Amino acid sequence: MGANRILQSRMDQLGLTQDELATRLNKALHEITGRPGEMSSRTVRNLLNGSSRRPIGRTCAALERVFGCSVAELGFSAPSSMQQPPEDPVRRRDFIVSTTGTAATAVPIVKQRRSVGMTDVARAAAGMNELVEADDRQGGHTPLVTAALEGRAKVLQLQQGNASERVRRALYALAAEYTTIAAWSCIDLRNLDTAQRHLHESSTYAGLSQDPPTGMRVWVNMAMLAYQRQHGPEQLAAAQAANASRAARRDPFFGSMGWVRLALAHSMLGDPRAAKRALGAAQESLGKANEDDRPRWTAFYGASELNHLAAIILNHNGEFAEAEAMAHRALAKIPAEFQRNRALATCQLAFAQLRQGEPEQATTTAAAVFAIMDGAPLPGRMRTLIGDFHRDLFRLAPSTTYARDWADRMREEWSRA
């Protein structure tokens, strides 16, 4: 007598605990016979540990309904009353045979919903990760928004199937992730009203998922949206929520992410001291973070991205030499596949150089943005930064040859959108 590893594997695929399987079996019996079942976690334990290798007919019928396959495929031997030629699963009998051979009361056939398990979750997560990688390379773009919303629709369709609590929470987390990708792409495209709507939807799914990293991501994006809107108080509130979140309290990595959002908010509100304190806390917290497994979307954040964000904060604070140094440090370590982030850090370097009275060098740096993006259309957020640089350049050096050359190059690149 040995453990039934086949049944355990099927339970793992569906994310079912012993109590949850007992509940499902009782529900299946009620659908089949019209009477409530009386199975418990002990019944399931006996099925798992090998004590019940040949379950009674009622139990077999319930197992087949829950898992959508024969009991033989679950590692059991069917009782003689059930050993008959395979039947078309669509045309199941509307009654069961009792152990005495008499027919039980006929009941209507209940259409069984598809069982959804962690395999389905993993498949949906793989599709989401592909979208994250596309965003890393190119930044936000309209096809990415469309793909993210289509991915969310598929995940929500999976919620219509039979699923354990664990699987349902994982699916809600994925729905939040897909919606956040759509929102983030809209932020990058400067389609801010649509981004706001998607983030409100994402916050609902994140709450249903009860997943701390997913909730953290939503707060971070809300802070970023407020930053793009130049709404300082809202940005500060979202950053404070991120910093106080369960993810930030449990993991210094997420704690660093929350602190740097606070630093950005304080710098935007004109409080450089508070910004520097929060930036220091972000750097200290990241130094304490371990190399744990985290969601794919967090891959962008590390020492290089923190240095990039520090350059933004220092540029806001008017500390341009320090901002230039931070931008150089960021660019030395941002991976090549993060094209959009490299281009954004290059923009910050160009701003720092321009504001230190080096317009020609700054223009050369800014032109490198187009090479980094390698012909891809610039996301709206990047176009806004380039436009700000253009205006500052022509205010400082309007009649120079390099400024006119820059204007020609900028018009050429703008036409790609």
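Some notes on this structure:
- Here r is the Cβ-Cβ distance between R166 and E284 and R0 is 35 Å; the resulting FRET efficiency, rounded to 0.05, is 0.50.
- Excluding the site residues themselves, the longest part of the chain lacking any trypsin sites (Lys or Arg not before Pro) in a DSSP loop with at most 13 other Cβ atoms within 10 Å is 115-415.
- Selected from Y301, Y205, Y172 as most flexible by GNM, with the chain as the system and alpha-carbon contacts under 10 Å: Y301
- At full extension, W414 and A126 could sit 100.3 nm farther apart than now, given 0.36 nm per residue minus the alpha carbon distance.
- Extension gain (nm, one decimal) between T119 and D12, 0.36 nm per residue minus Cα-Cα: 37.6 nm
- Inter-probe distance in nm under a simple model that places probes 7 Å from Cα toward Cβ, at K154 and R45: 4.1 nm
- Eigen-decomposition of the gyration tensor built on the alpha-carbon atoms of segment 269-391 gives equivalent ellipsoid semi-axes of 24, 20, 12 angstrom, largest listed first.
- Distance from the alpha carbon centroid of segment 247-269 to that of segment 215-238 works out to 11 angstrom.
- Only the Cβ atoms of Lys and Arg (+1) and of Asp and Glu (-1) were treated as charged; on that basis the dipole of the chain about its Cα centre amounts to roughly 1440 debye.
- Alpha-carbon centroid distance for the pair segment 130-209 / segment 378-417, whole angstrom: 33 Å
- For the chain, the mean residue ellipticity at 222 nm estimated from helices alone is -22500 deg cm²/dmol, where every DSSP H run of n ≥ 4 contributes -39500 (n - 2.57) and the total is divided by all residues, rounded to the nearest 500.
- 5 angstrom amide H check on N162, placed H, neighbours 5+ away: R114, S115, V116
- Label assignment, Rg and Dmax of the Cα atoms in Å derived from the structure, set (1) 26.5, 84; (2) 28.6, 101; (3) 22.3, 69: (2)
- Segment 9-25 - phi-based ³J(HN,Hα) in whole Hz, Karplus 6.51/-1.76/1.60, Gly and Pro as x: 5, 5, 5, 4, 4, 8, x, 9, 7, 5, 4, 5, 5, 4, 4, 5, 5
Read-outs: derived from the displayed coordinates by stated rules, not from any lab. The model shown is predicted, which means the values in this text are computed figures rather than measured ones. Positions of Cβ are backbone-derived with ideal geometry, glycine not excepted, and every protein chain shown enters the neighbour counts.
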